[in-house]
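The structure under discussion appears below in the form of structure tokens.
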Amino acid sequence: MVDETKALRKKSLLTPVNIISGIILVAGLYATIIRFTQGLGAVTALSDYNPWGIWIWFKLVAITLAGAGYTTCAAVYVFGMKRYHSAVRPAVLIGLLGYTLFAVSLVYDLGRPYRLPYPFFVSQGTTSVLFEIGLCVAFYLIVLYLEFSPAGLEWLGFRKIRNIAVKATMALTMFGIILSTLHQSSLGALYLSAPSKLHPLWYSGYLPIYFFITSIYGGLAMVIFVFWLSERYLPDNIGHAYQEEKTGVVLGFAKAISMVLVGYFFIRIFGISTANSWHHLFSSWGVLFLIEMLVGILLPAILFAIGAREKNITLIRWTAVLTILGIIYNKFFISTYAFNWQLSPVDRYFPSGLEVILTLFMITVGVVAFRVITSLMPVFFEHKDYPSSH
Amino acid sequence: MSISRRRFLKWAGAANLALIPGKSAIAASNRHFEGYPQGGGVLFDSTLCIGCRKCEKGCNEVNDFPAPVKPFDDLSVLDERRRTGNTAFTVVNRYKTSDGSDTTAYRKIQCNHCLEPACAAVCFVKAFNKTPTGAVEYDASVCVGCRYCMMACPFDVPTFEYNEAFNPRVQKCTLCQPRLEEGLLPGCVEICPTDALIFGERKKLLKIARNRIENHPDQYIDHIYGEHEMGGTSWLYLSGVPFKELGMKEDLGIKPALEFTSGALSAVPIVIGLWPVLLLGMYGVSKRLDKEALEEQDEAIKVSLENAAEEAAKKLETALNKADKAKKREIETAVKKALAEAESPQEGNEES
């Protein structure tokens, strides 16, 4: 496999995608040096009014889509849908990379990143939602690495440790679901403490529940999307078992997402109803909100249902893209655009070029890491020494 | 094993501490926190403020900040819409008002020192602390620089040293806590030439404010800003024009920030307690369904095997029966034949 990868890399070294990735990586490294030598002010457009910018947007999206890991594990191990088994490792890898990028991005965003252990070991701010998120994400990162460890250990040939790690699957899955429920919802709760700052169409007491539900369908949509890209661009990394099960996974997940989206659509409306924010619908904000509700939530729900019914894989895949765009749109409003909505336009936030570059840098690092790991380790294929065991 | 009296008292003290708001124990209870009894604050009377920027100067001096680009006696900056900054813990802005008698009014901006501060509630390292003197203190020695305090502050007060590469701090008005401890007034209050700022016990300030409104109902809006906003603040405001015209938020409500997140946080132990039950239950059901499916399969196989065996037996029987009958017939015919044969030679013999 290693030789094949090398051959592949040599062959495709000068493709447009690689050249663009290379430029982004170099620019990102340059911005990184400036960030850590000259401070946040030198690279970001953040201000005293807008202390969180698009890096937080990126983090919210990354964590939501990284829900792929816990949702797929739940489907296979808890709900007993064994036919999706070949989807587990790629999904866990999506989760692992999403959370790792979250942590890396956090190091850029914190004023004093070297104090990251402080909330755990020095001064515990237990009334803070962020404290709970920090604790859960730290634990869940460990869980994800353990969940993915069998793939790495098979690759390295450590059979005994690998077998122990495999035995822990069920316990890790349970931990993963509990921790994900807690911190996915708490990311929404972050915004509860500032009701006057977030636009009423996006602010709701139900924000924690919204964020949790979003991570369920977002994670599943991400699985469909990443599998599609992998089949198309990384065909050499894909094995036999995956090929046999993939149609079932896509159809099954489409059905699940469709149902969750319908439920989500209604609880979003209930949120407007309980807060009695109906009158805000008749403003320009209302139009932006309705775009999210109709194009980002209701339309994918319908298209997924049609796709699953007619077994139209292409439709399902494009609908997964639409769903993810809907989530990106939603997080954009909550984290930046609908936040500080009452502020005068001069004080509003617009990201700097280096902020954008560093965001693209994070995404590129994630894609490259996914590519390298799936080519080396048994993720989409089965290791020849451990047939049909993962 | 006996508990000493001293130790018991310590424990009792600890129990009392748990009742002080800001700690999580209070979040879900019905006890209402009205601030520390001796807690100090400042009353700002906008109708007495002349926009002289002396308070900005006083603040600058007591905090040893660098001199601003435009000196403090340059009043042209009042036309800009300014906010607090790293080296300006307080600023005064001028606002055009709808009031007919006076076309402008001033507002001083600084940390309001909330009774139950949002910054303290959301900080994940407890860098903020409401002291009994009334000040909300910030401790840079534990601050990680996440800036959640700035996100949560309803008054947009805290600022951040964005251009500090290694040890950036959050910066905001301290209510001159070090000066208060020395028995001195806050820098801005001491320098104010018009009594637009009065420092004192918050409870007494509320009485003064009420008296002013009562004695001059035509001069004041009948509302003390800060009495209840976001659970109440140590800074209190009087104004002759609606507070909205002074750029102050009127949609804050009276709940402290802590209460908006306490519900979500209280769900944490419930999830930890119930999710394993729910998940193991689902796991159990899926396993059971698998098992039942297997059992049903086995049963079906068994039944069909039994049926097959029965049928085979029947077939065998009928075949045997048939074979029997056929054989019997054969035997009978053979016997008959034999008899017939036996009889015929005899006849023949007899004949021959």
Output the residue which, of all residues in region B:123-141 that are of a type in the set (Val, Ile, Thr) and either more than 9 Å from chain A (Cβ to nearest Cβ) or open to solvent by 20 Å² or more (accessible area, probe 1.4 Å) (or both), is nearest to the chain's Cα centre (by Cα).
-> B:Val136
Out of (1) surrounded by 10 or more Cβ atoms within 10 Å (Cβ to Cβ); (2) assigned to a helix (DSSP H, G or I); (3) over 23 Å from the mean Cα position of the chain (by Cα), what's the single condition that is false for B:Gly263?
-> (3)
Answer with yes or no whether B:Phe65 is under 39 Å from the mean Cα position of the chain (by Cα) and surrounded by fewer than 18 Cβ atoms within 10 Å (Cβ to Cβ).
-> yes
Out of all the residues in region B:142-174, which are aliphatic (A, V, I, L, M) and facing another protein chain (nearest Cβ under 7 Å)?
-> B:Val142, B:Val144, B:Met150, B:Met151, B:Ala152, B:Ala165
Could you please let me know if A:Phe361 is modelled with pLDDT of 90 or more and crowded, with 17+ Cβ neighbours inside 10 Å?
-> yes
Scan B:Leu280, B:Leu316, B:Leu320, B:Leu305 and give me the residue that is under 30 Å from A:Tyr77 (Cβ atoms) and surrounded by 10 or more Cβ atoms within 10 Å (Cβ to Cβ).
-> B:Leu280
Could you give every pair whose Cβ atoms fall below 6 Å, whose first residue belongs to region B:184-212 and is among the hydroxyl-bearing types (Ser, Thr, Tyr), and whose second residue is part of a loop (DSSP other than H, G, I, E, B), counting only separations of at least 6 or pairs across chains?
-> B:Thr194/B:Ile50
Has region A:106-117 got at least one residue that is under 20 Å from the mean Cα position of the chain (by Cα) and closer than 27 Å to A:Leu220 by Cα?
-> yes
For B:Ala308: the one exception among (1) part of a helix (DSSP H, G or I); (2) closer than 30 Å to B:Leu205 by Cβ; (3) among the aliphatic types (A, V, I, L, M) = (2)
In region A:137-195, which residue that is open to solvent by 10 Å² or more (accessible area, probe 1.4 Å) and not in a helix (DSSP H, G or I) is nearest to A:Gly69 (Cα to Cα)?
-> A:Ala168
Residues in region B:53-86 that are touching a strand residue (DSSP E or B) at 6+ places or on another chain (Cβ under 8 Å), closer than 26 Å to B:Pro178 by Cα and not small (Gly, Ala, Ser): how many?
-> 10
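Rundown of residues vs (1) in a loop (DSSP other than H, G, I, E, B); (2) of a type outside the set (Phe, Trp, Tyr), yes/no style:
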{"residue": "A:Leu299", "(1), (2)": "no, yes"}
{"residue": "A:Arg309", "(1), (2)": "no, yes"}
{"residue": "A:Leu315", "(1), (2)": "no, yes"}
{"residue": "A:Ile327", "(1), (2)": "no, yes"}
{"residue": "A:Phe332", "(1), (2)": "no, no"}
{"residue": "A:Lys384", "(1), (2)": "yes, yes"}
Is it the case that some residue within region A:275-285 is assigned to a helix (DSSP H, G or I), out of contact with any strand residue (DSSP E or B) (no Cβ under 7 Å at 6 or more places or on another chain) and surrounded by 21 or more Cβ atoms within 10 Å (Cβ to Cβ)?
-> no
Of all residues in region A:196-225, count the ones that are within 14 Å of chain B (Cβ to nearest Cβ), part of a helix (DSSP H, G or I) and over 20 Å from A:Glu132 (Cβ atoms).
-> 0
Please work out if A:Ile302 is among the β-branched types (Val, Ile, Thr) and surrounded by fewer than 17 Cβ atoms within 10 Å (Cβ to Cβ).
-> yes
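Yes or no, residue by residue, for (1) surrounded by 14 or more Cβ atoms within 10 Å (Cβ to Cβ); (2) among the basic types (Lys, Arg); (3) away from chain A (no Cβ under 14 Å):
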{"position": "B:Lys207", "(1), (2), (3)": "no, yes, yes"}
{"position": "B:Pro217", "(1), (2), (3)": "no, no, yes"}
{"position": "B:His223", "(1), (2), (3)": "yes, no, yes"}
{"position": "B:Ser239", "(1), (2), (3)": "yes, no, yes"}
{"position": "B:Leu246", "(1), (2), (3)": "yes, no, yes"}
{"position": "B:Glu250", "(1), (2), (3)": "no, no, no"}
{"position": "B:Trp275", "(1), (2), (3)": "yes, no, no"}
1 or more residues away from chain B (no Cβ under 11 Å) and either open to solvent by less than 30 Å² (accessible area, probe 1.4 Å) or among the aliphatic types (A, V, I, L, M) (or both): qualifying helices (runs of 4 or more DSSP H) within region A:37-131 | A:54-65, A:68-73, A:88-109
Given the structure, is B:Glu190 under 25 Å from B:Cys49 (Cα atoms), of a type in the set (Asp, Glu) and either touching a Lys or Arg at 6+ places or on another chain (Cβ under 8 Å) or more than 8 Å from chain A (Cβ to nearest Cβ) (or both)?
-> yes
Quick one: would you say A:His240 is crowded, with 23+ Cβ neighbours inside 10 Å, closer than 25 Å to A:Tyr77 by Cα and of a type outside the set (A, V, I, L, M, F, W, C)?
-> no
Residue by residue through region A:286-299, note down the ones that are crowded, with 19+ Cβ neighbours inside 10 Å and not hydrophobic (A, V, I, L, M, F, W, C).
-> A:Glu292, A:Gly296
Of all residues making up region B:91-104, the number that are farther than 22 Å from B:Glu190 by Cα and buried (at least 18 other Cβ atoms within 10 Å of the Cβ) | 2
Is it the case that some residue within region B:75-90 is β-branched (Val, Ile, Thr), open to solvent by less than 20 Å² (accessible area, probe 1.4 Å) and modelled with pLDDT under 90?
-> yes
For region A:61-88, pairs from a residue that is of a type in the set (A, V, I, L, M, F, W, C) to a residue that is open to solvent by 10 Å² or more (accessible area, probe 1.4 Å) and not in a helix (DSSP H, G or I), with Cβ under 6 Å and 6 or more apart or across chains, are A:Ala75/A:Met81
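The values are calculated or read from the model by the stated rules, or taken from the named source; none is laboratory data. What you are looking at is a predicted structure, and each value in this text was computed from that prediction instead of being measured. Every residue, glycine among them, receives a Cβ derived from its backbone with ideal geometry; neighbour counts consider all protein chains shown. Just the protein is used for accessible areas: all its heavy atoms, side chains included, with ligands, DNA and RNA removed. Shrake-Rupley method; radii C 1.70, N 1.55, O 1.52, S 1.80 Å.
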